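Have a look at the structure below, then the notes.
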């Protein structure tokens, strides 16, 4: 991938960071954006240590002007974009378990942070992929983008991302310009400073028992395990893979 240029949204932490480093290992030049400037700068240094080019932009994807700024920085620096990883998202633990007590703002913000951000970045990247007759667009969704469970605003947003990728994958005008669109649907992933990590820290024994009972592999996944699948989907070897939604969940999901 030494001649490829990738942008990863939410690329300074968790799965996004794992994907950024995995692509860099393959020689891909990687741009990332995220809100936390300190984390962005640290991740950019890690990427550059793998002898590839990297840029980092501090941005809030809920602000359309920030999305424009990210894309401008990438194009001004590199002139193109080959790979887009729509990773930024979240909201699976927002709101209340009592649905009617959850404000409409939660529904809107979770949708905007996941689906609308993916739409905006994808629409801005497509013209450059068309020009070079090659591109990979990957949405990091969730097993809850394929089945019920979880909080409905999160499912709705992740289902929308999955539908976006599938519908674009069916568009002859895009795919015959060499662009593919796929979703990666992780299950429960252990990421520092997130809900799962908090639960483990509060009661390690209880957490271990829960993991052994709930997950077929007896454990959660890692960002690196998700990243390895993303790298394949972005590679030249995945040329026939288009419109897929791939669960990376250790068998946690109930869907086929």
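Here are some notes:
- Kirkwood Rh in Å, taken over the stretch 37-76 so that all alpha-carbon pairs contribute: 10.9 Å
- 222 nm mean residue ellipticity, helices alone, for the chain (DSSP H n ≥ 4; -39,500 (n - 2.57); rounded to 500): -14000 deg cm²/dmol
- Exposure proxy order (Cβ contacts within 10 Å, fewest to most) of 219, 136: 219, 136
- Alpha carbon convex hull of the stretch 107-256, projected area averaged over orientations, nm²: 9.6 nm²
- C-alpha long axis of helix 37-48 to longest principal axis of the chain, angle in °: 60 degrees
- Cα-only Debye scattering, the stretch 182-256: base-10 log of I(q)/I(0) at q = 0.24, 0.27, 0.28 Å⁻¹: -1.11, -1.25, -1.30
- q = 0.28, 0.33, 0.34 Å⁻¹, the stretch 110-154: log10 I(q)/I(0) [Debye, one scatterer per Cα]: -1.02, -1.18, -1.21
- Separation between Cα centres of the stretch 108-187 and the stretch 6-83, rounded to whole Å: 18 Å
- Fewest-first sequence of 207, 256 by Cβ atoms within 10 Å of each Cβ: 256, 207
- Computed Rg/Rh of the chain, alpha carbon atoms with Kirkwood Rh: 0.96
- Highest-fluctuation residue, 137, 99, 74 considered, GNM on the chain with Cα pairs under 10 Å: 99
- Sorting 176, 39, 151 from the fewest to the most surrounding beta carbons within 10 angstrom yields 176, 39, 151.
- Segment residue 99-residue 228, extension gain: residue separation times 0.36 nm, minus the distance between their alpha carbons: 42.9 nm
- Principal-axis tilt of helix 223-234 within the chain, Cα atoms, nearest 10 degrees: 40 degrees
Only the coordinates and a few stated rules stand behind these numbers; no lab work does. Fair warning: this is a prediction, and the values are worked out from it, not measured in the lab. FYI the Cβ positions are ideal-geometry reconstructions off the backbone, even for glycines, and counts take in every protein chain you see.
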